[in-house]
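What follows is one structure encoded as structure tokens, with my remarks underneath.
The values are calculated or read from the model by the stated rules, or taken from the named source; none is laboratory data. Fair warning: this is a prediction, and the values are worked out from it, not measured in the lab. When we count neighbours, we look across all protein chains shown, and the Cβ atoms used for this are built from the backbone with ideal geometry, even at glycine. Quick note on the areas: whole protein, heavy atoms, side chains included, nothing else; ligands and nucleic acids left out. Shrake-Rupley method; radii C 1.70, N 1.55, O 1.52, S 1.80 Å.
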Amino acid sequence: MPESDLRTDDVVQPFQLDPFALRGRLVRLGPTVDRILAQHDYPERVATLLGEAITLAVMLAGALKYEGIFTLQTKGDGPVRLMVADVKTDGAVRGYAQYDAKRLGESVPDADGESPSVPDLLGKGYIAFTVDQGEDTERYQGIVSITGATLAECAQHYFRQSEQLQAGLKLAVGRTGEEGTWRAGGLMLQRVPPEGGRARIADDVEDAWRRVMVLMSSATSAELVAPDLPPRRLLWRLFHEEGVRVYQTHAVEARCRCSRERIAGILKAFPMDEIDEMKKEAVTTVTCEFCNTRYEFAAADLERIASA
Ligand SMILES: [Zn+2]
């Protein structure tokens, strides 16, 4: 058994429900989501919504077949104007949110334990899913309008619209323990078009789909984030009568891709007069939005970057 299969946190657990070949993924995030959210001082509701976005991105990135980066981005006219979560195939995850504190203060808070309200926080706008698999490949981007009461509903809407497939989705984010450590969980099932030679009586599939959707909805938010309920045990608890088959897990971890070199590369693209303006300061500080790391550049550094 690979080491990642023994992990109960920061894993993606793919599974299948026989006999109708319904495919699913269970995501469980512990230190990964806690680290990303703790790097920022977000209000509780913003952190919870971003936690959901990160979990959703990890769940959807699990379908990538080649090396690449999966990015989920929301842009809306609500108090949370932007959220970005991206996941690399090697398991590196990061994310951040931009919000308007004043407008957030005026919106109605969600009841405790409920998923944050998408209409209240994101407002009207769009969600984009981008798959970038390297320089020599075409970028794939799916865009859908923000439609749904929760982020899980928005993702379901996306699947119906863009992928023409039915999907059931659950997302949960919560705090546990005395220190209030962030945890997150997600569960997804999708119905794929039947492959040749495996055609089933449509009614049977329909019945099975309805049955597993009921089972899925019986999973509570507490179960999805529970530290002492390993993903495989949760799947067994929910779907043992449906013949659940688990596959090898993938591990994920919070890791940013920023570096001093990358920031220098961005600065190099700035117009000369802006660089000159920055050089008037003793030190220019650039903060990575994802991980909050601060990079400092003295006037002499800027000079070197601009003339390189
Ligand atoms: Zn960073």
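For this structure, a couple of remarks:
- Taking 4.7 Å between C-beta atoms as the pairing limit, the chain has these partnerless cysteines: Cys154.
- Highest mean packing first, where packing is the average number of other Cβ atoms within 10 Å per residue, the peptides 106-113, 31-38, 9-16 line up as 31-38, 9-16, 106-113.
- On full extension, the segment bounded by Glu178 and Gln190 gains 0.7 nm, given 0.36 nm per residue less the C-alpha separation.
- Cα gyration tensor, the stretch 100-195 - rounded (a/c under 1.5), prolate or oblate: prolate
- CD proxy at 222 nm, helix term only [per DSSP H run n ≥ 4: -39500 (n - 2.57); per residue of the chain; nearest 500]: -9000 deg cm²/dmol
- Between the Cα long axis of helix 202-217 and the first principal axis of the chain there is an angle of about 60°, rounded to the nearest 10.
- R0 of 45 Å, Cβ-Cβ distance Glu114-Glu277: FRET efficiency to nearest 0.05: 0.45
- Residue-normalised accessible area of the chain, expressed per residue, 1.4 Å probe, Å²: 51 Å²
- For Tyr99, distant residues with modelled amide H under 5 Å away: Arg81
- Among 17-27, 43-53, the order from most to least packed when residues are scored by Cβ within 10 Å on average: 43-53, 17-27
- Distance between the C-alpha centres of the stretch 21-49 and the stretch 234-298: 15 Å, rounded to the whole angstrom.
- Set of lysines near Lys279 by C-alpha distance (under 30 Å), chain-local residues within fewer than 8 positions excluded: Lys268
- Accessible surface, 1.4 Å probe, highest first, among residues Val286, Val84, Val214: Val214, Val286, Val84
- The portion of the accessible surface of the stretch 79-230 made up by carbon and sulfur, rounded to a whole percent, is 48 (1.4 Å probe; DNA, RNA and ligands excluded).
- Straight Cα distances below 21 angstrom link Lys88 to the lysines Lys65, with same-chain residues fewer than 8 positions distant left out.
- Shape call, the stretch 108-255: gyration tensor on alpha carbons, a/c limit 1.5: rounded
- Three-way shape call for the chain based on the alpha-carbon gyration tensor, with the a/c threshold at 1.5: prolate
- If R0 is taken as 41 Å, the Cβ-Cβ distance between Val214 and Thr285 corresponds to a FRET efficiency of 0.20.
- DSSP beta bridges fully contained in the chain are about 95 percent antiparallel.
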